[in-house]
Structure formats: structure tokens, C-alpha cells
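Before any comments, here is the structure.
No lab work stands behind these numbers, since they all come straight from the coordinates. It should be emphasised that the depicted structure is a prediction, and the values quoted were computed from it without experimental measurement. Using ideal geometry, Cβ is built from the backbone for each residue, glycine included, and neighbour counts are taken over all protein chains shown.
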Amino acid sequence: MSKTIIISNRLPVQLEIHNNEIKTTPSVGGLATGMKSVHSGSNDLWIGWSGLTDENIPKNLEEKIDTTLKDHGCAKVKLNAEEVDGFYFGFSNRTIWPLFHYFLEYSEFELNNWEIYKAVNQKFADAIIAKADDDDIIWVHDYQLMLVPQMVKDKKPDISIGFFLHIPFPSYEIFRTLPWREEILRGLMGSDLIGFHTYDYERHFLSSVRRLLGLDVSFNEVHIENRIVKVDSFPMGIDYKKFSEAGKANSLNITENQSDFQQRLNAHKESTKDAKLILSIDRLDYTKGIAKRLNAFEYFLNKHPEYKEKVRLIILAVPSRSNVPQYQLLKKEVDELVGRINGEFSTVNWTPIWYFYRSMPFENLIDLYTSCDIAWLTPIRDGMNLVAKEYIATRTDKTGVLILSEMAGSANEMNESLLINPNNFEQTVAALQQAINMPVEEQQERNDILQKRLERYNVEKWANDFINSLKEQKENSISYVSK
Ligand code: ADP
Ligand code: F6P
């Protein structure tokens, strides 16, 4: 029986070692949370990095680590500290991540990191080659592994390979600045199908393929030697049922079943009846626009002092990539901004911002989604942004207002939310006012449409569409060659 092999840098669980014991925690981030819902674990295999470096793994735990991962349907690629540094913190997150999110000035072009990226991609490819049979389907994920498709194709030319990019693909003018641009494109072209979240990313990619590799692109197919590579957009959905059911269970309001966190949120809502809770949830990443959002909030309070004590902003920022200097600087900036705004506006009865810098268990995430009147998600650039979709899915009574950046991939499918340009503070302030004062009927009308769409285009449909399209492409490619 053929199997699907998922391969990504991040596995659905992260391993840590405490007192010679293995601890597993669920991974945060769109790729891990989304793919987790479609990874059956039975016949499929998910290959990736465990989160531990070779230096951190005690000899006596090696076997146990493998069985722990196996229980989650996973297998590991071993990486040492130098590899993690050059491949993950280096080339992936100091070169590609900023460049593909249009933060050109943050992008570092270090030859040594590129060399390590290539070597580590080869390690991932070798792990696939060792485990894959010819009738298996290989699904490679994200910017950390862009060379893997061609590396696998070189050794297993007949195997089906799909690649999905979870971040934006930038315009040609940005992409062309990368010193290793042709190598990256050639690596991706080892796939039979390449998927993006939006049509714009697909268009940018095809433009780079045409202009940099000089390949023949017709519509969304690229002709390369004796093969056709299909390029298409597949906007990633969420596990709608999981989020809507969690929202329903949460809003049943049975006090004994409520978490301590939920009870505190409810008590707060009771004591501040007319006040609105505004929620902002992101990994602490400069692409998410957290600092800009805080500046906009300060601007809002200055411009509209009548909302003092009438709104509270809850900022949940998940620690991310903290070895990269830009992330350390951002942490400092956000800490200072929160301190300054709270210092400036707090009263005896009111603190304008509650700030949490940590990951939270799923239940608490749901508590926040269901308790907050407004979700304010304004990335400066974001491949998709699943948090926006999750917030809407949990709103069982269809109330709640989503303010979403038009720079998020999800904005394409969420026209009924209040879409804003995060750089436009006047528009942001107007959206906040509109959200605070939006009649319940209007909220329900907008969310009804959004929920139906999210339910239809859920993560399972996304994965099935991708896999079916890959199978179809493989068949077409075979008949193209035999002609
Ligand atoms: P990204 O992939 O860039 O991190 P997304 O919004 O697409 O952004 O995905 C973030 C995912 O991480 C969501 O599925 C969300 O549920 C999860 N998540 C976000 N914040 C937290 C948190 N504090 N604790 C646990 N999971 C979180
Ligand atoms: O959604 C984009 C993404 O890069 C995912 O690929 C990744 O899982 C997530 O952000 C979190 O990043 P990291 O794996 O570096 O923690």
C-alpha cells in the first residue's frame, strides 16, 4: 500500500529533555497546526527535525526519542548545533524569511549559511530516499526545504513529489536580489506540483521561473526537459469542526468545566460590562506588525480619549526564533511599548494592555477567541494567517468582529471582515471605532458568510485538493512523456 510522506523542518511535536526525561509539546505555527489535522499517523509518515540538536541528546535516550516520535507517526532528521545555526537560524530565517516577506534590509547573504542549507536539505532528501517506495507520494513543505524536491527527483525520478510554500513568494524584483536564486528555483522544479496560498504568490513564482530560468511557461504549467511541472494556488484552511466545536463547548458556560483562565476572563467581562476586549495573537515576529499595532493603539487612545476604560487590548505573543537578533530587538521594542502605553494611560481601575509572552494550551487559546469582542490581526506581510480563520470559527453565536490586514494571504477569502492597510493609522482607527460600535446583527451577517466559507474550504479539503491535483499531474506527465 502506498503511503504519503510529509516532510517539513518542524514536526507536529517538539521534544525537550528535562532531568533525563523526554517532554513533548505541540508545535506552534500554521504549518504544524494545519498539517497535524490531516496527518493520520497510521499509514503516513512525517519526517522532520525534533527540535533537539545532537549535542542535546543523551546516548541513553536515543532509542526512546525514536519511539516517542514513532508514536506520533514521525521520524527524525538528526541535526547538530552548527547545522541548526546555519540552516535554520541562518539561511532559513535570516535570508529567506525576511526576503520573502519583503524585509529586504533584514536579509543577510552569507555563503557559509547557504552551504549549510544545501547540506541539510541533502540530509532531509536522504531521509526520504531511505524511507520511500516508488509508489509513495512525497509532500515537501516550506522554505526551509526548497532544494529537497530536485534532490529526491535525482535519485527517484518516478516518484510523485509535491511542494507547498507556507509563506509568500515575493515579486520578481525582490526575488532576483538573492545570490542563489537560480539554484532555489531549480530545487523547486524537481516537484511535479508546486502549491502556494494565493494566486499572487503563484504569479510571482512563474514570473521568476520564466525570467531567471528561461523556461517555457504556459498558463500554470512549466515545461522542463521531458516533464511538466504544475503550479497552482491552494489557500490553506483550518480544522473548522475542531475550532467550532471547541467554541461551542466553551460557550455552554458551565462554570465547573471552565478553566481558571476562562473564569478570570469572564469575571473581568462581568466587572467591565461595556468595555470591549480586543485580541491580538501572533508568533513574536516582525512580519506580524505587533509594534506597529501598539503604536496604532496609542494613536487611537490619544485621538479618542472617550474610549479610555472602554477597551482593553490583549496581546498574546508566542516566543519564536529567539536566537535571531531581529527577534530579540523586537521583543525589547514590544516590552517597551507595552510598558510605555500602560504607564501613560492606566488608571486605578484600568490597564489598557494585557500582554502575555508565551505559548498557551489549546483550551486557553479558545478561551481568548470566544471571550474577545474583536480580533485585531494586522501583519505587515503574512503567507496566510490561520489565527484569523480560527477566531471566526469559534464564534458560535456569530458575534465578534475581525479586523484583518489586507497583506495577509487570508484576506483574499475574508472580505466580510474589516480589511485595513496596517500602515494607515487613520483607517485603522476608523476600523477600531467601527468594530467597537458594530451592531450585533451586522456582526452575525458578516460572520455567517465567513463561517460557511471556512467550513467548506477546511484543511481537509485543502490537503485532498493538493494530493488529488498531484496524482492527476503525475498521470498527465506520464502520458506527456510517452507521447
Ligand atoms: P504562523 O504560521 O506565521 O505562525 P498562523 O496564524 O498561520 O501564523 O498560524 C499560527 C498557529 O499557531 C495557529 O494555528 C494558532 O492556533 C497557533 N498559535 C498561535 N498562538 C498560539 C499560542 N499562544 N499558543 C499555542 N498556539 C498558538
Ligand atoms: O507559517 C509559516 C511558518 O514558517 C511555518 O512554516 C512554521 O511552522 C511557522 O511559521 C513557525 O516557524 P518556526 O517553525 O520557525 O517556529
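A simple count of charges around Thr68, restricted to other residues whose Cβ falls under 14 Å of its Cβ and scoring Lys, Arg +1 and Asp, Glu -1, yields -2.
Of the residues Met146, Met360, the one with the fewest other Cβ atoms within 10 Å heads the list, and the complete ranking is Met360, Met146. Principal-axis analysis of the Cα atoms of the chain puts helix 362-371 at an angle of about 40° to the longest axis.
In the chain, taking the dipole from charged Cβ atoms about the Cα centre, the farthest positive-side position among Leu145, Asn415, Tyr240 is held by Asn415. The residues packed around His223, meaning those with a beta-carbon under 12 Å from its beta-carbon, carry a net charge of 0 if Lys and Arg are +1 and Asp and Glu are -1. Rounded to the nearest 20 debye, the dipole magnitude of the stretch 301-415 is 180 debye, with +1 charges on Lys and Arg beta carbons, -1 on Asp and Glu beta carbons, and the Cα centre as origin. As a rough guide to protection, the peptides 59-66, 29-36, 123-130 ranked by mean Cβ packing within 10 Å, highest first, stand as 29-36, 123-130, 59-66. Note on the chain: Cα-only Rg and Dmax are 23.0, 79 Å. Shown for the stretch 31-186 is the translational diffusion coefficient from the Stokes-Einstein equation, using the Kirkwood radius over Cα pairs, a temperature of 20 °C and a viscosity of 1.002 mPa s: 128 µm²/s. Under a model in which nothing but the beta-carbon of Lys, Arg (+1) and Asp, Glu (-1) is charged, the stretch 1-126 shows a dipole of about 480 debye around its Cα centre. Residue separation of Gln263 and Asp54 scaled by 0.36 nm, minus their Cα-Cα distance, works out to 71.0 nm of gained length.
A Förster distance of 51 Å, applied to the separation of the beta-carbon atoms of Glu472 and Glu336, puts the FRET efficiency at 0.45.
For the stretch 18-136, the number of Lys pairs with C-alpha atoms closer than 13 Å, counting only pairs eight or more positions apart or on separate chains, is 6. With contributions of -39500 (n - 2.57) from each DSSP H run of at least four residues, the per-residue ellipticity at 222 nm computed over the chain stands at -13500 deg cm²/dmol.
Translational diffusion of the stretch 325-441 was estimated from the Stokes-Einstein equation, with Rh taken as the Kirkwood radius over Cα pairs; at 20 °C and 1.002 mPa s the coefficient is 135 µm²/s. When Lys and Arg each count +1 and Asp and Glu each count -1, what net charge do the other residues less than 10 Å away from Gly162, Cβ to Cβ, add up to? Net of charged neighbours comes to +2. The length gained by stretching the chain between Ile449 and Ser322 to full extension, at 0.36 nm per residue less their Cα-Cα distance, is 41.9 nm.
Taking the average, over residues, of other Cβ atoms within 10 Å as the packing measure, peptides 374-385, 88-99 rank 374-385, 88-99 from highest down.
Projecting label points 7 angstrom from Cα along Cα→Cβ for Lys303 and Trp350 puts them 1.8 nm apart.
The calculated FRET efficiency for the pair Glu21 and Asp85, based on their C-beta separation and a Förster distance of 25 Å, comes to about 0.45. Take each peptide in 427-438, 12-23, count the other Cβ atoms within 10 Å of every residue, and average; sorted highest first, the result is 427-438, 12-23. Can you tell me the orientation of helix 459-482 relative to the chain, as the angle in degrees between its alpha-carbon axis and the longest Cα principal axis, to the nearest 10? Taking the Cα atoms of the chain, the angle to 459-482 is about 20 degrees. The stretch 330-397 and the stretch 130-148 have their alpha-carbon centroids 36 Å apart. Relative to the longest principal axis of the Cα atoms of the chain, the long axis of helix 440-456 lies at roughly 20 degrees.
Relative intensity of the stretch 255-346 on a log10 scale, I(q)/I(0) at q = 0.14, 0.17 Å⁻¹, equals -0.62, -0.85, per a Debye sum over C-alpha point scatterers of equal strength in the absence of solvent. Sorting Lys389, Lys241 from the fewest to the most surrounding beta carbons within 10 angstrom yields Lys241, Lys389. I'd like the FRET efficiency for Asn415 and Lys155, computed as 1/(1 + (r/R0)^6) with the beta carbon distance as r and R0 of 41 Å, rounded to 0.05. After rounding, the FRET efficiency stands at 0.35.
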